[in-house]
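Some notes on the structure that comes next.
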Amino acid sequence: MSTDYYAASSEAADGRVFTVTGQDWDSIVEGIGEGLDGDESAEERVVVNMGPQHPSTHGVLRLILELEGETVTEARCGIGYLHTGIEKNMEYRSWVQGVTFCTRMDYLAPFFNEATYCLGVERLLGIEDDVPEKAQVMRVLLMELNRISSHLVCIATGGMEIGALTVMTIGFRERELVLDLFELITGLRMNHAFIRPGGVAQDLPPGALDEIRGFVALMKKRLPEYADLCNANPVFRARLDGVGHLDLEGCLALGITGPVVRSTGYPWDLRKSEPYCGYETYDFDVQTWDTCDAYGRFRVRLAEMWESLRIVEQAADRLARLDGAPVMVADRKIAWPSQLAIGSDGMGNSLDHIRHIMGESMEALIHHFKLVTEGFRVPPGQAYVPIEGPRGELGAHVVSDGGTRPARVHFRDPSFTNLQATSVMSEGGMVADVIVAIASIDPVMGGVDR
Amino acid sequence: MSEGKRDDRREEKRDPAGTPEVGKGPEQPAAEQAHENLPTPAGERTVRQVGVRRGMFGVRGTGDTSGYGGLTQSIAFPGDAQRPYGGWYDDVADALEVATRGAGLDVAAPRVVIHRGEITFHVRPDDLPVVARALRDDERLRFELCSGVSGVHYPDDAGAELHAVYHLLSMSHNRRIRLEVAVPDADPRIPSLVPVYPTCDWHERETYDMFGIRFEGHPALTRILMPDDWPGHPQRKDYPLGGIPVEYKGGSVPPPDQRRSYN
Amino acid sequence: MGLEEKLPSGVLLTTVEGVAGYMRKASFWPATFGLACCAIEMMTSGGPKYDLARFGMEVFRASPRQADLMIVAGRVSQKMAPVLRQIYDQMPEPKWVLAMGVCASSGGMFNNYAIVQGVDHVVPVDMYLPGCPPRPEMLIDAILKLHDKVQHGKLGSNRRNEVVEQEAAALNALPTSEMRGQLR
């Protein structure tokens, strides 16, 4: 016990710092008691550090709370515990390899990261209109499936954080269905580098459409379970009603988009106002609620899952018509050349593709070689194409200096911006409401810190 | 006028020291051989050269017998757009001019670049708060939402190495514009936009953390992503990527920024 | 259970180490140290489809004081490394560390200024699990291999001898960069 390096109290610039590690809570009481003799007001408030390792903060988030009893008088976020330097790393990789990096930022919505980056690159290349229709439909399909899985995780972990563990188990059960679909189409459950500049990496495998339709039918039976379990549950309502209130002016001042701003009643959705990937041709509604609190955001997310199912159905119908259509731009100087296939020893290079480049076409071999090693060059300039991610406006500011690598890629991540609302939502409330407020913002720390 | 300064710099860069004779084609000097030999689209009549790319494989000096070591390509960003810009860009530019003139202060007309359907206003750092407030408050402009601040480091753009890029969104008019501010390395100070757009709080902290741009008037400009006592600003181009060589059996691969690679 | 019927007069002979190892592995509580994408796969391993509760591990203890296993799931940034060490130090003996994913094992694809190139720079690791992210089945495989290791762990002076031997072996081992002629 005496060599426990963390169980000490020290003097910091603002006052005494206590690190309690168990069976020594009395030290705080004594320490505060000592302070009361001198400066009374200084010791009535206690600054508590929550996180970065904590089961209820959504990932590695550090909350610095100044408490007066159970009331939070000041709440600050400490972030940066997951800073990975992805943006700088992308400057040393080719444009297509950049997709593999950016997909790991917001790890619950990988397709959205990829899509915004690829849309930015395509705008700089000037091939926005040349991306084939099947690729656009596949992008929409995958993004909406990702939206469903992301909202499921939000609801699941949000439920877990307030103690509703069944919501967590059923949320992850449904998410497995979505991940099975991802594995079927892209080959990976998470962090697929599938949406690439110019289109998508591979065509749909046979049987995928049946799986997608089966999934939609099953989800229509499973989604009402969440509503039945939560919507009218008195404990759930008591924890979420009126918590984390942020009205429209607050949202706009803080730059908050996504379900948070839609819970104020304002139907702002980039899929409707600045459509991309053909979203203007799909039939869906923007879901809003009007209570500006955590319950409203929960209802907005539930409703958005239903809308996403509608879009998935429409996308599957279109894909049925587009059998055999190309999934990459026709320009061979940009289109990602190689194909993967499942062989006797697992997934590897498609033998058809190898036969084509080695035996049939010299140009194909040259294109494959040059694109994989050097990559294509993007004309100089900058582009910013924001999309509607599950958490809000996700945009990649892509700067090219004419080379094979990005000169700068900066991601405007919705979680980073939305998390600034923590102070506004939490101060004046109780500690338990801080958890609910943050869960209703649904930050993903990979996106916050990048 | 900022226009004049730009032209001077362009003259200096047009003939970088040591351009090899090989690069000069029959009638075109090296600097005119544009990126990718793409024809300049209509409306982009000028290009702004920012630096030069030499060689192709990152090999310097003897040892590169391919001949690509003598390759010199100019890095030419899209140049200024001329009036009329077309579409709603003119409305925004006019409204901005009127609003900033109304503010009384001496605000220079921003340089405008229109590229791939996106408009960028290059503003002087001192004018930034006035311009931003006008963009937010004026009825015809109404850019309520600032998407964020993005820093970019152009080490070759002498005197304006650090750029801060602001993306603004008008929900009422459904428009997007971009504001770009350039400051030199020697004096990287930009007025903070937190009084105008509170959302810039963390974005400016991140830009400071990663690039070293000091935002004056920011309530609490501290590091946000790196540890508080971290030296240096990581996303600058002169900061190394910081990787370690990866060991394999019998060899090692250097980190990505030290490998030989395409330029 | 049927074990009593099969035993001669209901008596089972084993070693203290065997029983201790069995007890430790059968109720092996992980500490929550989920950081990034691997954390999500770890959560799904605890979920209904890949059920960690079969192995007695579904209770992820939030307090490291009550945990046996720290699964470092995700990339450890420079800012997070001291926190990682603090949590490890707060765990009581016996404790094990499983580095889940390539970022925890070796820095993964992020060979840069911000990520610690392998958590073994910070804490001693008992099991490395590659993958980006590793599937839940791979995580369960790594956990079961770790269970084997725990089951066969020694106690008391045997343990001290084992530690000395392992350290000597590690110090005398051939470094990776010195290995020759083995491309695979």
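The values are calculated or read from the model by the stated rules, or taken from the named source; none is laboratory data. On a predicted model such as this, the values are computed, not experimentally measured, just so you know. Here Cβ is always computed from backbone atoms with ideal geometry, including for glycine, and neighbour counts include all displayed protein chains.
The figures follow:
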read-out: Among the candidates A:LEU188, A:LEU204, A:LEU181, A:LEU177, residue that is touching a helix residue (DSSP H, G or I) at 6+ places or on another chain (Cβ under 8 Å), within 17 Å of A:LEU322 (Cβ to Cβ) and assigned by TED's automatic domain parsing to the domain that holds A:TRP306; value: A:LEU204
read-out: Matching residues, segment C:7-34, being farther than 24 Å from C:GLU93 by Cβ and either part of a helix (DSSP H, G or I) or touching a residue at least 60 places away in the same chain (Cβ under 8 Å) (or both); value: C:PRO8, C:SER9, C:GLY10
read-out: Number of the condition not met by A:GLU133 [criteria: (1) more than 23 Å from C:GLY74 (Cα to Cα); (2) in contact with a Ser or Thr (Cβ under 8 Å, 6 or more places away or on another chain)]; value: (2)
read-out: Residue list for segment C:52-92, restricted to those being within 8 Å of chain A (Cβ to nearest Cβ), part of a loop (DSSP other than H, G, I, E, B) and of a type in the set (Val, Ile, Thr); value: none
read-out: Residue within segment A:276-295 that is farther than 22 Å from A:MET425 by Cβ, among the small types (Gly, Ala, Ser) and touching a Lys or Arg at 6+ places or on another chain (Cβ under 8 Å) present; value: no
read-out: Flag for C:PRO48 being within 11 Å of another protein chain (Cβ to nearest Cβ) and either on the phi > 0 side of the Ramachandran plot or part of a loop (DSSP other than H, G, I, E, B) (or both); value: yes
read-out: Condition met for C:VAL97 (away from chain B (no Cβ under 14 Å), at pLDDT 90 or above and buried (at least 18 other Cβ atoms within 10 Å of the Cβ)); value: yes
read-out: Near pairs, Cβ below 7 angstrom, 6+ apart or cross-chain, from segment A:416-433 (acidic (Asp, Glu)) to any residue that is assigned to a helix (DSSP H, G or I); value: A:ASP433/A:SER426
read-out: Tally of residues being facing chain B (nearest Cβ under 9 Å), in contact with an Asp or Glu (Cβ under 7 Å, 6 or more places away or on another chain) and within 30 Å of A:HIS245 (Cβ to Cβ) across segment A:386-407; value: 1
read-out: Every residue from segment A:372-383 that is touching a Lys or Arg at 6+ places or on another chain (Cβ under 8 Å) and either assigned to a helix (DSSP H, G or I) or aliphatic (A, V, I, L, M) (or both); value: A:ALA383
read-out: Any pair with Cβ under 8 angstrom, 6 or more apart, that starts in segment A:47-59 at a residue that is closer than 17 Å to C:MET70 by Cβ and in the same structural domain as A:VAL434 (by TED's automatic domain parsing) and ends at one that is modelled with pLDDT under 80 and assigned to a loop (DSSP other than H, G, I, E, B); value: none
read-out: Residue within segment C:133-144 that is within 14 Å of another protein chain (Cβ to nearest Cβ), modelled with pLDDT under 90 and surrounded by 11 or more Cβ atoms within 10 Å (Cβ to Cβ) present; value: yes
read-out: Counted residues, segment A:358-385 - those being closer than 26 Å to B:ILE75 by Cβ, surrounded by 14 or more Cβ atoms within 10 Å (Cβ to Cβ) and either among the hydrophobic types (A, V, I, L, M, F, W, C) or within 12 Å of another protein chain (Cβ to nearest Cβ) (or both); value: 15
read-out: Residues of segment C:60-83 satisfying the condition of being under 21 Å from B:LEU225 (Cα atoms) and crowded, with 24+ Cβ neighbours inside 10 Å; value: C:VAL72, C:ALA73, C:GLY74, C:ARG75, C:VAL76, C:SER77, C:LYS79, C:MET80
read-out: Search result, residues across segment C:117-142 that are out of contact with any Ser or Thr (no Cβ under 7 Å at 6 or more places or on another chain), assigned to a loop (DSSP other than H, G, I, E, B) and more than 19 Å from A:PRO110 (Cβ to Cβ); value: C:VAL122, C:VAL123, C:PRO124, C:VAL125, C:ASP126
read-out: Test: residue in segment C:97-117 that is of a type outside the set (A, V, I, L, M, F, W, C) and more than 30 Å from B:GLY251 (Cβ to Cβ); value: no
read-out: Qualifying residue in segment A:433-444 (condition: within 30 Å of A:SER308 (Cα to Cα), outside any helix (DSSP H, G or I) and in contact with a strand residue (DSSP E or B) (Cβ under 7 Å, 6 or more places away or on another chain)); value: no
read-out: Check on A:ARG450, modelled with pLDDT under 90 and surrounded by 23 or more Cβ atoms within 10 Å (Cβ to Cβ); value: yes
read-out: Per-region count, segment B:197-237, residues more than 10 Å from chain A (Cβ to nearest Cβ), within 21 Å of B:ALA134 (Cβ to Cβ) and either surrounded by 23 or more Cβ atoms within 10 Å (Cβ to Cβ) or in contact with a helix residue (DSSP H, G or I) (Cβ under 6 Å, 6 or more places away or on another chain) (or both); value: 3
read-out: Residues of segment A:55-91 that turn out to be within 12 Å of another protein chain (Cβ to nearest Cβ), touching a Ser or Thr at 6+ places or on another chain (Cβ under 8 Å) and surrounded by 18 or more Cβ atoms within 10 Å (Cβ to Cβ), as a count; value: 7
read-out: Flag if A:ARG123 is among the basic types (Lys, Arg) and in a helix (DSSP H, G or I); value: yes
read-out: Residue in segment B:139-156 that is modelled with pLDDT under 85, more than 23 Å from B:TRP202 (Cα to Cα), outside any strand (DSSP E or B) and within 19 Å of the chain's Cα centre (by Cα) present; value: yes
read-out: Filtered residues of segment C:9-31 (kept if within 14 Å of chain A (Cβ to nearest Cβ) and either surrounded by 21 or more Cβ atoms within 10 Å (Cβ to Cβ) or over 14 Å from the mean Cα position of the chain (by Cα) (or both)); value: C:PRO30, C:ALA31
read-out: Among residues of segment A:408-450, those that are of a type outside the set (Ser, Thr, Tyr) and within 11 Å of chain B (Cβ to nearest Cβ), counted; value: 16
read-out: Which listed residue is more than 10 Å from chain A (Cβ to nearest Cβ), touching a residue at least 24 places away in the same chain (Cβ under 8 Å) and either surrounded by 17 or more Cβ atoms within 10 Å (Cβ to Cβ) or touching a strand residue (DSSP E or B) at 6+ places or on another chain (Cβ under 9 Å) (or both), from B:GLU161, B:GLU118; value: B:GLU161
read-out: Helices (runs of 4 or more DSSP H) contained entirely in segment A:222-318, each with at least 1 residues that are modelled with pLDDT of 90 or more and more than 14 Å from chain B (Cβ to nearest Cβ); value: A:234-240, A:259-262
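Matching residues to (1) in the same structural domain as B:ASP137 (by TED's automatic domain parsing); (2) part of a strand (DSSP E or B); (3) over 24 Å from C:CYS103 (Cα atoms); (4) not acidic (Asp, Glu):
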position	(1), (2), (3), (4)
B:GLU180	yes, yes, yes, no
B:ILE190	yes, yes, yes, yes
B:LEU225	no, no, no, yes
B:PRO234	no, no, no, yes
B:ILE244	no, no, no, yes
B:GLU247	no, yes, no, no
